[in-house]
1. Mind checking which residues of the range 12-39 are among the small types (Gly, Ala, Ser) and more than 12 Å from Ile52 (Cα to Cα)?
2. In the range 5-47, which residues are in contact with a strand residue (DSSP E or B) (Cβ under 7 Å, 6 or more places away or on another chain) and buried (at least 18 other Cβ atoms within 10 Å of the Cβ)?
3. Identify, please: which residue in the range 46-66 is at pLDDT below 95 and in a loop (DSSP other than H, G, I, E, B) and is, among those, nearest to Cys10 (Cα to Cα)?
4. Testing Ile36 on (1) among the aliphatic types (A, V, I, L, M); (2) more than 12 Å from the chain's Cα centre (by Cα); (3) in a strand (DSSP E or B), one condition comes back false. Which one is that?
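The values are calculated or read from the model by the stated rules, or taken from the named source; none is laboratory data. What you see is a predicted model; the values in this text were computed from it and never measured. All Cβ positions, even for glycine, are placed from backbone atoms using ideal geometry, and neighbour counts span all protein chains on display.
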Amino acid sequence: MTKKKTNSLCVVQTGSSARCEKTQVLSLKALGLGRIGKKAVVKDDGCIRGLIRKVSHLIKVEECNG
């Protein structure tokens, strides 16, 4: 049996959400972020990609191994 490798993304918040739209703040919360420097590992799928696109100017994204 082979295990299916699930792709994950490491997301780090680099910008402040102080003067952002409410939908952008909610997108950060959905990604597990909320303050500068906070890191989260999220599953790589279409919904998460949409959230990342919405707040791309506030975060840094890398592919995680494992």
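1. The initial filter retains those residues of the range 12-39 that are among the small types (Gly, Ala, Ser), namely 15-18, 27, 30, 32, 34, 37.
Selection gives Gly15, Ser16, Ser17, Ala18, Gly34, Gly37.
2. Within the range 5-47, Leu9, Val11, Gln13, Leu28, Leu31, Leu33, Val42 qualify.
3. Taking the range 46-66 and keeping what is at pLDDT below 95, we get 62-66.
Narrowing further to those that are in a loop (DSSP other than H, G, I, E, B): 65-66.
Working: Asn65: 9, Gly66: 11 Å.
Applying the filter and picking the extreme gives Asn65.
4. (3)
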